[in-house]
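A.B. asks: After the structure tokens below, expect a handful of questions from me.
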Amino acid sequence: MPLDIVLGAQWGDEGKGSITDLLAENANMVVRFSGGDNAGHTVTVGDQTFKLHLIPSGIIHDGTMCLIGNGVVLNPAVFLRELGGLKERGLDTSPNRLKISRNTHLITPAHIALDTAKEAARGDGKLGTTLRGIGPAYLDKVGRAGIRADLLEKPEELDAAIRAHVEAHNMTLTKIYGVDPLDADSVSAEFQEHARNIAPYLADGSVMIDRALKAGELVLAEGAQGTMLDVDHGTYPFVTSSSPTTGGVITGLGVGPGHIRNILGVAKAFSSRVGSGPFPSELFGDEAVRLRGTGANPWDEFGTTTGRPRRVGWLDLVVLEHAVRINGLTEITLTKLDILSGLKEIPVCVAYEIDGKRIEHLPLDLPTLEKCKPVIEVLPGWDEDIMQATKPADLPENAIKYVQYVENYLGVKVNRASVGPERDQNVDF
Ligand code: GDP
Ligand code: IMO
Ligand code: MG
């Protein structure tokens, strides 16, 4: 059986968690392949809402196997806290059904201190990171100085590695950024404790996935972040430090591309972005509040991880064309279609313009992208509340037309629209 992939097609927070939860019903295994606890995935089931950062959304389905793949950077303290919270709510979080690849890299307090110090030093030019230590952890990984989860099974080696790691980063923290050093003794003691708690969860993730696929099981890869935050294909340097795209699935899990069946891009029916960086279709003032909400609804546009208000704008089809191409998307789910209800007209960005010249593909260099003005096409809106819709016939004609417009523009099937945060608030086409 195949590997299906769920990815963010925009700047993250597209609703990947709720769509993964929906598809996990039929999956034997749900796996994370990139990012860390910079992710915040919301899953709403009845009166229960789960906010997951590291643990795959499949954990909510009894009996579904979950794996944190090697492409993830894992903060052990956050992992254990999240595990404890889910256990308290009655979920099975035992090592029988949740594993971490041994070659996953760990985030340490030194990475978090560095993330904070670097952002402070950038001043007005800050990236707006989640301050979770993501960038410094990936930097150590590719710099061949990282600490991998397999050391959690080797306490003495772990102790030596953590001490050397803290001492090395203390030099940077104190000499370059002028901030206080960390205490190697206490970080080492903290990691020895984590090691005892986490060692039973370690496994060879690539072998686990291979076994599942050979046994005819369905493996579902749950993306974090989004295509526009990809370190290669996003709005560099205003990106995260990993590959949340299809390429990242292969390296982030240790699985061959031949197993892939569906590559589902999740896109909001409008656009949002947290943190700094270019956003051609961005709105401000009242128009922005209309899409963002004020925080009165749980789904309003405030970050799941940091609580920051998200920047919002009209749907950008140049961005989605980029996501289709970079990922080889085979289908698209449009989320939050309900938020557009009540708008008389719905503008969508269909191209960019610089000095009168029309641009159809996302420019990758920042100065050019920053000069891009959106070329807007206006589609007719609808008045009806669509949050109870369960089939296409329940949707107003103009809502269907909006979906069809996206489908025709991109040449990729829109297989579903979400009309609310819950599992049953989906319309399949
Ligand atoms: P993720 O990071 O991609 O998993 O997305 P987040 O969980 O960070 O943000 C998506 C937010 O939108 C969450 O609050 C979801 O509960 C909510 N949500 C998802 N789909 C829909 C939808 O179709 N309509 C509405 N109103 N909310 C949705
Ligand atoms: P999910 O999985 C939205 C953004 C940060 C910042 C940039 C770099 O919930 O969609 P980092 O801490 O990764 O170094 O920050 O990336 N970012 C996200 N934005 N959703 C996410 O995850 C994000 N993960 C990182 O806001 O702009
Ligand atoms: Mg999120």
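The values are calculated or read from the model by the stated rules, or taken from the named source; none is laboratory data. From a predicted model like this one, the values you see are computed outputs, not experimental measurements. All Cβ positions, even for glycine, are placed from backbone atoms using ideal geometry, and neighbour counts span all protein chains on display. Ligands, DNA and RNA are excluded from the accessible area calculation, which covers all protein heavy atoms including side chains. Shrake-Rupley method; radii C 1.70, N 1.55, O 1.52, S 1.80 Å.
A.B. asks: From the phi angles alone, apply the Karplus equation (6.51, -1.76, 1.60; θ = phi - 60°) to the range 73-89 and give each ³J(HN,Hα) in whole Hz, x where the residue is Gly or Pro.
C.D. replies: Couplings: 10, 10, 8, x, 5, 5, 4, 5, 5, 5, 4, x, x, 6, 5, 4, 8 Hz.
A.B. asks: Can you check what the net charge comes to around Glu422, using other residues whose Cβ is under 12 Å from the Cβ of Glu422 (Lys, Arg +1; Asp, Glu -1)?
C.D. replies: Neighbourhood net charge equals -3.
A.B. asks: Relative contact order of the chain: what whole-number percent is it, with Cα pairs under 8 angstrom and at least 6 residues apart?
C.D. replies: Over the chain, the number comes to 20 percent.
A.B. asks: Given the C-alpha centroids of the range 183-210 and the range 268-301, what is the distance between them in whole angstrom?
C.D. replies: After rounding, the separation between the Cα centres reads 38 Å.
A.B. asks: In percent, what relative contact order does the range 105-201 have, based on Cα pairs under 8 Å that are 6 or more apart in sequence?
C.D. replies: Computed value for the range 105-201: 29 percent relative contact order.
A.B. asks: Picking from Ser341, Ser94, Ser241, which is most flexible by a Gaussian network model of the chain using Cα springs under 10 Å?
C.D. replies: Ranking Ser341, Ser94, Ser241 by mean-square fluctuation puts Ser94 first.
A.B. asks: What number, rounded to the nearest 500 deg cm²/dmol, is the helix-based mean residue ellipticity at 222 nm of the chain, given -39500 (n - 2.57) per DSSP H run of at least four residues and division by all its residues?
C.D. replies: Rounded to the nearest 500, the figure is -9500 deg cm²/dmol.
A.B. asks: Given Ile55, Val166, Gly90, which one lies farthest toward the positive end of the charge dipole of the chain, if we put +1 on the Cβ of every Lys and Arg and -1 on the Cβ of every Asp and Glu?
C.D. replies: So the residue we want is Val166.
A.B. asks: Of the residues Glu157, Glu370, Glu301, which exhibits the maximal mean-square fluctuation in a Gaussian network model of the chain defined by a 10 Å Cα contact cut-off?
C.D. replies: Maximum fluctuation in the GNM of the chain, among the listed residues, is at Glu157.
A.B. asks: List every residue whose amide H lies under 5 Å from the amide H of Val414, counting only residues 5 or more places away in sequence or on a different chain, with H placed 1.01 Å from N in the peptide plane.
C.D. replies: Ile332
A.B. asks: Right, another one. Which shape class applies to the range 16-167: rounded if a/c is under 1.5, otherwise prolate when a/b exceeds b/c and oblate if not, where a ≥ b ≥ c are the square roots of the Cα gyration tensor eigenvalues?
C.D. replies: Because a/c hits 1.5 or more and a/b fails to exceed b/c, the range 16-167 counts as oblate.
A.B. asks: Mind ranking 125-135, 318-328, 189-199 by how tightly packed they are, going by the mean number of other C-beta atoms within 10 angstrom, highest first?
C.D. replies: With the highest mean Cβ count within 10 Å placed first, the list reads 318-328, 125-135, 189-199.
A.B. asks: Could you list, bin by bin from short to long, the percent of Cα-Cα pairs of the range 105-201 in 5 Å steps?
C.D. replies: So the P(r) values, bin by bin, are 2, 13, 24, 23, 20, 10, 5, 2, 0.
A.B. asks: If you don't mind, there's one more thing I want to ask. Mind checking which of Leu369, Leu264, Leu317 has the largest fluctuation in a GNM of the chain, springs on alpha carbons under 10 Å?
C.D. replies: The residue that fluctuates most here is Leu369.
A.B. asks: Rank Met228, Met65 by accessible area, highest first, at a 1.4 Å probe radius?
C.D. replies: Order by accessible area, largest first: Met65, Met228.
A.B. asks: For the chain, with all protein chains present and a 1.4 Å probe, just round the carbon and sulfur fraction of the accessible area to a whole percent.
C.D. replies: Carbon and sulfur together cover 51 percent of it.
A.B. asks: Now for a different question. In the P(r) worked out for the chain, what percent of Cα pairs fall beyond 33 Å?
C.D. replies: Pairs farther apart than 33 Å: 33 percent.
A.B. asks: Given Cα pairs under 8 Å that are at least 6 residues apart, what percent is the relative contact order of the range 147-193?
C.D. replies: Computed value for the range 147-193: 42 percent relative contact order.
A.B. asks: Can you give me the accessible area per residue for the chain, using a 1.4 Å probe, in Å²?
C.D. replies: 40
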